[in-house]
Amino acid sequence: MLDLLIRAGIVVTPEAVGERDVGVQDGKIVAVTSPGTLPADAGRVIDAHGKIVLPGGIEPHAHIAIPVPEAWAGRPEVMTQPPEAASRAAAFGGVTTIIDFAGNLNPPPSVSPSQESIMQVVEGRRNVFRGHAYTDFAFHYILAGQVTPEVIGQIGEAVQEGIASFKIFTTFPGLRVPYGHLWAIFDEVAKHGGIMAVHAEDDDIVTYMTDKLTRERRDQGYNLHLVHNNLSEDLAFRKVIRLARYTEAGVYFVHTTAKEGVAAIAEARDQHLPVYGEALHNYLQFTCEDYKKPDGTAIHTYPAIKFADDRDALQAGLMGGDLCTTATDEYTTYKNIKLSGDTIHTVCGGHNGIETRIPVAFTKFVSQQGMPLQRFAAITSTNAAKILGLYPQKGAIAPGSDADLVLIDPHLRKKITLADLHADSDYSIWEGFSCQGYPVMTILRGKVIVEDGKLLGSSADGRWLKRKVSSDVLARPVV
Ligand SMILES: [Zn+2]
């Protein structure tokens, strides 16, 4: 007997979109068939008529339960929201897997650099999430600063243990990895079959513009896009791509923000390089003009939200295929923290976006621009699963895959209000956004975790996921 039978939904599989039944047993999808052909005596039967059944959303970029820098928060010991709250919000937003980070993003100044090995740091992060997550989870590993040969020597073992992706920054004091070290890291990650996740900005341009605007007393937060600017993205993306070409490394650019970044990625892909780009959903909506509104920097995520033609290039990239994934850079604080700093030095990054990504993207792309449903599944789930080493366990509605599913009611119109959201926060930059289509059920490995606005899952449900990137993804741009 099946544990779960989802009947007659509009099911989006890797092969087709159409009315299908989905059978689930022991947390896995076991059958995707024409309606009415599976035995009806399942443990539970869900009538999905008129609903779109998609692979559970994958959030490829989140920062949960980490210290907020004192320069941003205005006081010490503030943390982003814990995994219970973030994964609960994720589940309500149709997300079943979160990829967060292990490694020091913001080491408190009093703490000396970690002497722990990569896998010891990963184990520490797993302990933060284990028993506290409503969704499955995994971690990119952050390598920061002048990474030592000892740490670089641990990359191979970490890949073996299921850490498939390594995050680096090319700017920010304490985080920036100098290009020599980066060369060594790219080499080692490529050799062992991992992929680089890169925050690419040109440190010289960022530093120069920070100093210039400070000197000219133009360091207000609404000028962030002049610091973290288009030229910086153009130079940094191209330098990283060049390094990737020499080292034969695969690159996943987190938060592409400018038309120049989209163009650099597109050119690399035209040359068959394994280069992939992500866009954040706030960058698909807002422009730097919105920074000037009251509390306008609430929309800010580093690098910086740019101009209307950049926003349009990001949307076109997701529609047309130059960009691969949507993400949020989830970083939830309360409003007083988010708005504590109001200069280019102090504006807090990130927002509580993990719940709104799928409904916002569905509205913008499927409802308003007619994006095919398979493409929508790709940019919210499948591509992240492939690029970051979770496919086909995650990201597909196919026999053998985990039964992670989201049901979207395409006719549901809903204006987002804070009262409807589930993060540990007291503001939303999406307040008033009109959705056409919204998740109504989320299923994790065959268990209904959210149904009609009710939380049915447990924070003990989430499991850590081992990842391995397929060699195709690292050989050429396959998505
Ligand atoms: Zn981030």
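The values are calculated or read from the model by the stated rules, or taken from the named source; none is laboratory data. No experiment lies behind these values; they were computed from the predicted model shown. Heads up, the Cβs are rebuilt from the backbone with ideal geometry, glycines too, and the neighbour counts pull from every protein chain shown.
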Return the pairs, sorted by first residue and then second, in which the second residue is in a helix (DSSP H, G or I), the first residue lies in the stretch 80-97 and is more than 14 Å from residue 394 (Cβ to Cβ), the beta carbons are less than 7 Å apart, and the residues are 6+ apart or on different chains.
83/128; 83/129; 93/357; 93/358; 93/359
Cβ pairs under 6 Å, 6+ apart, first in the stretch 27-54 and closer than 27 Å to residue 413 by Cα, second part of a strand (DSSP E or B) and among the polar types (S, T, N, Q):
none
Name the residues in the stretch 160-191 that are in contact (Cβ under 8 Å) with a residue 60 or more places away in the chain and of a type in the set (A, V, I, L, M), would you?
163, 164, 175, 182, 189, 190
In the stretch 274-287, how many residues are outside any strand (DSSP E or B) and either closer than 17 Å to residue 200 by Cα or of a type in the set (Lys, Arg) (or both)?
2
So, in the stretch 236-273, of the ones that are in a loop (DSSP other than H, G, I, E, B) and within 16 Å of the ligand (Cβ to nearest atom), which residue ends up farthest from the chain's Cα centre (by Cα)?
257
Just to be sure I understand, how many residues within the stretch 133-153 are farther than 20 Å from residue 100 by Cα and either in contact with a strand residue (DSSP E or B) (Cβ under 8 Å, 6 or more places away or on another chain) or not β-branched (Val, Ile, Thr) (or both)?
4
With respect to residue 355, is the statement that it is over 14 Å from the mean Cα position of the chain (by Cα), at pLDDT 95 or above and charged (D, E, K, R) true?
no
Condition first: at pLDDT 95 or above and farther than 12 Å from residue 57 by Cα. Now tell me which residues in the stretch 88-117 satisfy that.
88, 89, 100, 101, 102
Any idea which of 280, 318, 284, 314 is within 14 Å of the ligand (Cβ to nearest atom) and either under 23 Å from residue 99 (Cα atoms) or buried (at least 24 other Cβ atoms within 10 Å of the Cβ) (or both)?
280
Residues of the stretch 188-235 being closer than 22 Å to residue 296 by Cα, touching an Asp or Glu at 6+ places or on another chain (Cβ under 8 Å) and in a loop (DSSP other than H, G, I, E, B), in sequence order, are 228
If residue 14 meets every condition in (1) away from the ligand (no atom under 16 Å from the Cβ); (2) surrounded by fewer than 18 Cβ atoms within 10 Å (Cβ to Cβ); (3) closer than 23 Å to residue 97 by Cβ; (4) at pLDDT 95 or above apart from one, which number is that one?
(4)
Residue in the stretch 294-309 that is part of a helix (DSSP H, G or I), within 16 Å of the ligand (Cβ to nearest atom) and among the β-branched types (Val, Ile, Thr) present
yes
List the helices (runs of 4 or more DSSP H) that sit entirely inside the stretch 54-153 and contain at least 1 residues that are among the aromatic types (Phe, Trp, Tyr) and away from the ligand (no atom under 16 Å from the Cβ).
83-92, 118-129
Among the listed residues 419, 396, 384, 460, which satisfies the condition of being under 22 Å from residue 332 (Cα atoms), out of contact with any Lys or Arg (no Cβ under 9 Å at 6 or more places or on another chain) and among the small types (Gly, Ala, Ser)?
419
Which of the strands (runs of 3 or more DSSP E) found entirely inside the stretch 399-479 contain at least 3 residues meeting this: within 30 Å of residue 300 (Cα to Cα)?
405-415, 434-444
Residue list for the stretch 410-465, filter: among the β-branched types (Val, Ile, Thr) and closer than 17 Å to residue 367 by Cα:
416, 440
With respect to the numbered conditions (1) over 30 Å from residue 406 (Cβ atoms); (2) charged (D, E, K, R); (3) within 16 Å of the ligand (Cβ to nearest atom), which one is the sole condition not fulfilled by residue 167?
(1)
So which residues in the stretch 321-380 are away from the ligand (no atom under 16 Å from the Cβ), among the aliphatic types (A, V, I, L, M), farther than 16 Å from residue 436 by Cβ and in a loop (DSSP other than H, G, I, E, B), if there are any at all?
323, 339, 344
Filter result (more than 27 Å from the chain's Cα centre (by Cα) and of a type in the set (A, V, I, L, M)) within the stretch 43-81:
45, 46, 48
